[in-house]
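First the structure, in the form of structure tokens, and then the observations on it.
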Amino acid sequence: MAVAQVAGSILANVERVIVGKADVVELALVALLCEGHILIEDVPGIGKTTLAKALARSIDCTFRRIQCTPDLLPSDVTGTYFFNQRAQEFEFRPGPVMANVVLADELNRATPRTQSSLLECMQERQLTVDGDTRPLPRPFLVIATQNPIELEGTFPLPEAQLDRFMLKIGLGYPSPEEEELMTRRFEGAAPLDALTAVSSGPELLALQDERRQVYIADAVRHYTVQIIRKTREHPSVQLGASPRATLALLAGAQALAAIRGRQFVIPDDVKLLGPFVLSHRLILKPEARLRGRTRESVIGEVLSTVPVPVEELN
């Protein structure tokens, strides 16, 4: 499949900058092929911004960064109208969200009002300012980050916002060998500066159409739905995964299959993506949290209890 060839080129290109995180880059490619969005929760200095920039350069797309702070206004994200005295008329000045790849750094530091300005953009791929609706450039990907250890001065993301992120991932610290390789690679000029495009926006849109043609057997579809339903019925869960999560999990499985050169989805695709698609969408009951239960442990329990289909998938 063309998807596998291009995905391999993008993966190799990004790995010139991001060392030892092939699995994370593969997940980012899954989101790109589904035109989903990514929430990265990890400590500072791991390479979140570098990953976003490397992806944007690899697909020859525009990149904008939004540094979220408590005084950030919705108009600072979406743009605003201003009066052009020379032309004697109002003109629209686009905000940073009018780009192909948007990095919302430390999104949970923005106020709820500013966070909500991204809701329409992420779901509808459009923005509305003063009653005027404008389409966003395609492809469109939001990569948001948040720091898991700093709580002072932050505003937790509401469930409606979290549900619009297709994947929640973490980069994690590199191994000693990877960190030594990183120091060698960054001794001279920054590798990101020399990164060139290996694909393009229009090509990526074509690959998104190809991803939609990946076959999903009824058995795999049923398996996916059962996983979602189990999250809603689990005794430790107050709010389970939404139907949007069902669609995201199946679309992600199609993308993963295409990236790995298959024209059909297997249960392992669904099982691998399950924790990344579902973990941020569940709300545990207070008593479950007091007993030390986590979203990840609940998802692991669900995935281990739902029977995997074994009949012929093609």
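Laboratory data are not the source of any read-out in this text; all were calculated from the coordinates shown. Just so it is clear, the model here is predicted, and its values are computed rather than measured. Methodologically, a virtual Cβ is constructed for each residue, glycine included, from the backbone with ideal geometry; neighbour enumeration extends over all protein chains shown.
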- Query: For q = 0.12, 0.14, 0.21 Å⁻¹, what log10 I(q)/I(0) does the range 206-308 give under the Debye formula with an equal point scatterer on each alpha carbon and no solvent?
  - Reply: -0.40, -0.52, -1.00
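For a 27 Å ceiling on Cα separation, which of these pairs sit above it: K53/K285; K48/K285; K48/K230; K53/K168; K48/K271? Kindly include the intermediate steps, with their values, before the conclusion.
Details: K53/K285 38 Å; K48/K285 31 Å; K48/K230 32 Å; K53/K168 18 Å; K48/K271 25 Å.
In this structure, K53/K285; K48/K285; K48/K230 exceed 27 Å between Cα atoms.
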- On each of the three principal axes the extent of the alpha-carbon atoms of the range 121-245, given in whole Å and largest first, is 53, 43, 38
- Message: If the elastic network links every pair of Cα atoms under 10 Å, which of V14, V265, V129 fluctuates the most in the Gaussian network model of the chain?
- Response: V129
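Can you give the translational diffusion coefficient of the range 1-133 in µm²/s, computed by Stokes-Einstein from the Kirkwood radius over Cα pairs at 20 °C and 1.002 mPa s?
Details: Rh = 16.5 Å.
D = 130 µm²/s.
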- Query: If you rank I10, I38 by fewest surrounding Cβ atoms within 10 Å, what's the result?
  - Reply: I10, I38
